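The values are calculated or read from the model by the stated rules, or taken from the named source; none is laboratory data. Note that the structure is a prediction, hence the values are computed from the model and not measured. Backbone-built Cβ (ideal geometry, glycine too); neighbour counts: all protein chains shown. Protein only, heavy atoms only, side chains kept; ligands, DNA and RNA dropped before computing areas. Shrake-Rupley method; radii C 1.70, N 1.55, O 1.52, S 1.80 Å.
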Amino acid sequence: MFFEDVSDEKRTALGAGHFLDYRYEFSDQHEELVGRMHFRILKFRPTRQPVAAGAPQPKPPHPRPSVTRDSAFFWEGLQQRLLLIRRCSRCGHLHHPPGPMCPKCHSPEWTPQPVSGRGLIHSYVIVHQPQLPGFSYPLPVALVELEEGVRLIGNLHGLAPDAVRIGMPVEAQFDEVEPGYVLYAFRARTD
């Protein structure tokens with residue numbers, strides 16, 4: 001990944017900010033260039049909306065992921081309350097996050113594989129800052145090694161930050177965070 005450019009300040013309906021340009025280059029096992037991707041993101045300061053004194057604050061919307069051709073199957077699976085991981089059609093390697101090819105054998109062929117959602121906490125952090133709208137803080141976030149051997153990052157629900165431990169057994173749960181928008185998180189497993 002290469003950072004390329006920062007725009008002059010822009011004013012949008014979302015607020016004032018800057019466009020940041022990044023360039024990604026992908027190579028095969030022989031270090032031959034096989035693709036490039038340019039990515040632009042707007043980093044901005046949200047505009048302040050005036051709120052009448054004593055009026056209830058509206059709940060901010062939950063942040064949405066950037067869904068790509070490579071990751072669409074994963075987000076569609078969550079709507080069906082399934083955790084789907086890419087399985088390479090050539091070597092059988094499970095890999096996440098989804099990318100344009102298998103990181104092991106570089107095959108572009110794959111199939112979605114449902115996984116159990118059961119695993120152990122491999123590592124974790126307790127997020128205090130930056131605080132994003134739509135989340136409660138402090139926010140425990142874990143790297144979970146699933147029984148199938150692949151690792152996923154997810155929020156931990158129902159666990160106090162001081163109760164989280166490496167090696168703790170967890171399982172995925174599916175939460176409809178907004179109407180029609182389902183995400184997964186992990187909770188402690190009792191079996």
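Looking at the stretch 110-179, the trypsin sites (Lys or Arg not before Pro) that sit in a DSSP loop and have at most 15 other Cβ atoms within 10 Å of their own Cβ are 165. Classify the stretch 99-191 as rounded, prolate or oblate from the Cα gyration tensor: take a ≥ b ≥ c as the square roots of its eigenvalues, call it rounded if a/c is under 1.5, otherwise prolate when a/b beats b/c and oblate if not. It is prolate, given that a/c is not under 1.5 and a/b is the larger ratio. Listed peptides 171-178, 107-114, 182-189 appear in the order 182-189, 171-178, 107-114 once ranked by packing, highest mean of other Cβ atoms within 10 Å at the front.
Accessible surface of the stretch 88-183, 1.4 Å probe: 56 percent of it comes from carbon and sulfur atoms.
Given a 1.4 Å probe and heavy atoms of the protein chains only, how would you sort 26, 3, largest accessible area at the top?
Details: 26 70, 3 115 Å².
The most accessible residue leads, giving 3, 26.
Convex hull volume of the Cα atoms of the chain, normalised per residue: 165 Å³. Computed over the chain with a Gaussian network model linking Cα atoms closer than 10 Å, the most mobile of 56, 133, 161 is 56.
May I have the convex hull volume per residue, in Å³, for the Cα set of the stretch 127-173? Let's see the in-between values first.
On the way: hull volume 4.3 nm³, N = 47.
Output value, Cα hull per residue: 91 Å³.
Only protein heavy atoms count here; on that basis, with a 1.4 Å probe, residue 120 has an accessible area of about 90 Å². The alpha-carbon of residue 59 sits under 30 angstrom from the alpha-carbons of these lysines, leaving out residues fewer than 8 places away in its chain: 10, 43. Think of a 1.4 Å ball rolled over the protein heavy atoms: the stretch 1-106 then has 74 Å² of accessible area per residue.
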